[in-house]
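> This is the structure, below, for whatever I ask next.
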Amino acid sequence: MKVVRITSTAILSLLLGIAALAYAQHEDEKQDHAQQQGGHEQGKPQQQHAQQQRHEQQEQHNQQQAQHRQQQQNQHNRQQARQQPQRTQQQQRIQQSAWQQHRSQNWQSDHRTWQQRGGYRGYRIPDDRYRGYFGPSHRFRINGRPFLVVGGYPRFQYQGYWISTVDPWPETWGNDWYDNDDVYVNYVDNGYYLFNRSYPGQGIAINITL
């Protein structure tokens, strides 16, 4: 009987030890899982903070680039203004006289398109130069630019090209539009025209030379 009791006790002790070991392992696994879960949850705010910092740094970089481009543009405009020669009173009278002589009395009847003139046969501006300095988005003022009178018609220089008017200008435009209005050169209907932003829709036929 003693042998049976001893054997039963040993078996019971062994079972209790196995159960205790299994319970301890289960608790350890729960603790490890909780730590991993907690570490994952703690990592989320850190990742979000890092992403926000990168976004703010990118925004700051973009703003600095925009400011730099604006400063370069302002500097370029100031340089152009310094390079433009100041007109004397005599030059002003010559230019004013040249422009006023070609003011139309009835622009609708006096104006002729390049198609009516038989097509444009002058110099054609290269595409890359045209995209960079011409078209509706590139306005400028004639005032202060190199100026000539050729064949009785005004001629002025812009971006290295001489622009000659071959059309009278509309009577509806202001008397001093060539001094104070923003203009631009556009290629439409197979020819070049000078447009006044203050009076849209009316283009003066012009000729381009080097």
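We did not get these values from a lab; they are worked out from the coordinates using the rules stated. Note that the structure is a prediction, hence the values are computed from the model and not measured. Neighbour counts run over all protein chains shown; Cβ positions are idealised from the backbone, glycine included.
> Highest first, please rank the peptides 90-96, 187-193 by the mean number of other Cβ atoms sitting within 10 Å of their residues. Kindly include the intermediate steps, with their values, before the conclusion.
Working: 90-96: 13.4, 187-193: 16.6.
With the highest mean Cβ count within 10 Å placed first, the list reads 187-193, 90-96.
> OK, next. State the dimensionless ratio Rg/Rh of segment 128-175 (Rg: radius of gyration of Cα atoms; Rh: Kirkwood radius). Present the calculation step by step, with values, prior to reporting the outcome.
Details: Rg = 12.3 Å, Rh = 12.4 Å.
When Rh is taken as the Kirkwood radius, the ratio is 0.99.
> Measuring from label point to label point, each 7 Å out along Cα→Cβ, what is the Gln65 to Arg131 span in nm?
Calculated label separation equals 1.9 nm.
> Here's a follow-up. Cα convex hull of segment 89-209: mean projected area in nm², to one decimal?
For segment 89-209, averaging the hull's shadow over all directions gives 7.2 nm².
> Compute the orientation-averaged projected area for segment 104-163 from the convex hull of its Cα atoms and round it to one decimal in nm². Present the calculation step by step, with values, prior to reporting the outcome.
Working: hull surface 23.0 nm².
Averaging across all directions leaves 5.7 nm² for the Cα convex hull.
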